[in-house]
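The structure appears below as structure tokens.
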Amino acid sequence: MSTPAYGRYDIPGYIAALRREGDLLAAAAERAGMSAAVPSCPRWAVRDLLKHTGYVHRWATGFVASGLARPTGGASEEEILGQGPGDAELPGWFREGHAALVRALAQAPPDLDSWAFLAAPSPLAFWARRQAHETAVHRVDAEQAAGRASDSAFEPAFAADGVDELIMGFLARNIRRGSWPGLDASLAVHAADGTTSADWLVAGGTGGPGVSRGTGPAGCDVTGPARDLYLTLWNRRPPDGLRVTGDPGILAAFARTLQITW
């Protein structure tokens with residue numbers, strides 16, 4: 001995947017990020033304790049966070065290791081959170097599933113043929129990218145539960161890639177499906193880290209919804225370091241410290257109407 005000006009993140013890079021983020025997530029969860037509340041996921045305790053992410057890791061491993069061509073049913077979120085190991089066994093269970101996913105991705109052939117639900121250069125690239133960001137965002141959840149939000153730092157290129165996946169992947173898919181309510185006016189997002197920058201435009205208003213890389217006229221412009229944009233747009237931090245010009249209600253509407261739960 002290539003995010004303008006931030007350079008290319010490749011499959012080995014995503015796998016390394018997945019390995020690192022999963023280890024950090026497990027450590028933060030143990031510091032917090034299984035019954036600690038997760039501020040960014042108001043109805044969850046840490047045990048729910050580990051069950052959710054551990055299930056997703058195992059679900060993804062099935063596609064990567066077996067080359068599944070389509071989803072074959074699965075448990076509901078309520079079922080996932082209502083079953084699984086007890087608190088004492090949960091961290092170990094999570095680590096087992098995380099390690100299995102890392103191994104499956106590292107051992108998968110470049111021409112892996114499996115189902116994927118966002119556009120990507122290959123199914124392997126999709127799964128490596130998706131699971132790296134899935135785990136990174138939930139690592140932040142675990143750190144916030146442990147009262148260590150300051151730990152939530154990301155390398156700028158990885159954070160910019162996460163912004164790109166959200167806008168050009170998830171949001172683009174919602175628009176194609178007709179499930180995105182749209183914005184009253186366009187939102188321009190500008191990542192800026194020293195001499196490195198990238199831009200995205202979420203079109204809104206009377207012209208209809210759309211997304212693109214690059215910039216243009218917008219009713220709201222939000223600018224900041226890639227890592228802060230990453231967490232703000234994924235609903236893990238408020239826009240404090242970002243430069244927001246124009247109508248801040250447009251940014252608030254974006255956060256309110258784009259909620260990724262998997």
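Helix-derived [θ] at 222 nm for the chain: sum -39500 (n - 2.57) over DSSP H runs of at least 4, divide by residue count, nearest 500?
-15000 deg cm²/dmol
Highest first, please rank the peptides 120-128, 249-257 by the mean number of other Cβ atoms sitting within 10 Å of their residues.
Output ranking for 120-128, 249-257: 120-128, 249-257.
Rounded to a whole number, what is D in µm²/s for segment 114-170 from Stokes-Einstein with the Kirkwood radius over alpha-carbon pairs (25 °C, 0.890 mPa s)?
Diffusion coefficient, whole number: 199 µm²/s.
Relative to 2.2 N^0.38 Å, what does the C-alpha radius of gyration of segment 144-262 come to as a ratio? Two decimals please.
With N residues counted in segment 144-262, Rg over 2.2 N^0.38 Å equals 1.01.
Give, rounded to the nearest 20 debye, the magnitude of the charge dipole that the chain has about its Cα centre when Lys and Arg contribute +1 at Cβ and Asp and Glu contribute -1 at Cβ.
Computed charge dipole of the chain: roughly 240 debye.
Report the charge-dipole magnitude of segment 169-262 in Debye, nearest 20, computed about the Cα centre from +1 at each Lys and Arg Cβ and -1 at each Asp and Glu Cβ.
400 debye
Given a 1.4 angstrom probe, I'd like the percentage of the accessible area of the chain that is carbon and sulfur, rounded to a whole number.
The C+S portion of the solvent-accessible surface of the chain is 52 percent.
Rounded to the nearest angstrom and ordered from largest down, what semi-axes does the equivalent ellipsoid of segment 1-74 get from its C-alpha gyration tensor (root of 5λ)?
Rounded to whole Å, the semi-axes are 26, 20, 12.
Run through every distinct alpha carbon pair of the chain and return the Kirkwood hydrodynamic radius in angstroms, one decimal place.
18.9 Å
Any idea what % of Cα-Cα pairs in segment 42-101 are farther than 18 Å?
Counting pairs separated by more than 18 Å, the tail of P(r) holds 36 percent.
Quick check for you: with a 1.4 Å probe and neighbouring chains kept, what is the accessible area per residue of segment 114-214, in Å²?
Heavy-atom SASA per residue in segment 114-214 reads 34 Å².
For the charge dipole of segment 11-76, defined by +1 on Lys and Arg C-beta atoms and -1 on Asp and Glu C-beta atoms about the Cα centroid, which residue among Ala29, Leu68, Gly54 has the Cα displaced farthest towards the positive pole?
Value: Leu68.
Scan around Trp44 for amide H atoms under 5 Å from its own, H built in the peptide plane at 1.01 Å from N, and keep only partners 5 or more places away or cross-chain.
Placed amide hydrogens put Val38 under 5 Å from Trp44.
How large is the Rg to Rh ratio of segment 214-256 when both quantities use alpha carbon positions and Rh follows Kirkwood?
Rounded to two decimals, Rg/Rh equals 0.93.
Report the full-extension gain for the segment Ala149 to Ala119: residue separation times 0.36 nm, less the Cα-Cα distance, to one decimal in nm.
Between Ala149 and Ala119, full extension yields an extra 7.6 nm.
Bin width 10 Å, alpha-carbon pairs only: give the P(r) of segment 1-132 as whole percents, running from 0 to the bin holding the largest distance.
Over segment 1-132, the share of Cα pairs per 10 Å bin runs 12, 40, 33, 15, 1 percent.
The values are calculated or read from the model by the stated rules, or taken from the named source; none is laboratory data. Predicted, not measured: the structure shown is a model, and the values here were computed from it. Cβ: placed from backbone, ideal geometry, glycine included. Neighbour counts: every protein chain shown. Heads up: the accessible areas ignore ligands, DNA and RNA and are worked out on the full protein's heavy atoms, side chains in. Shrake-Rupley method; radii C 1.70, N 1.55, O 1.52, S 1.80 Å.
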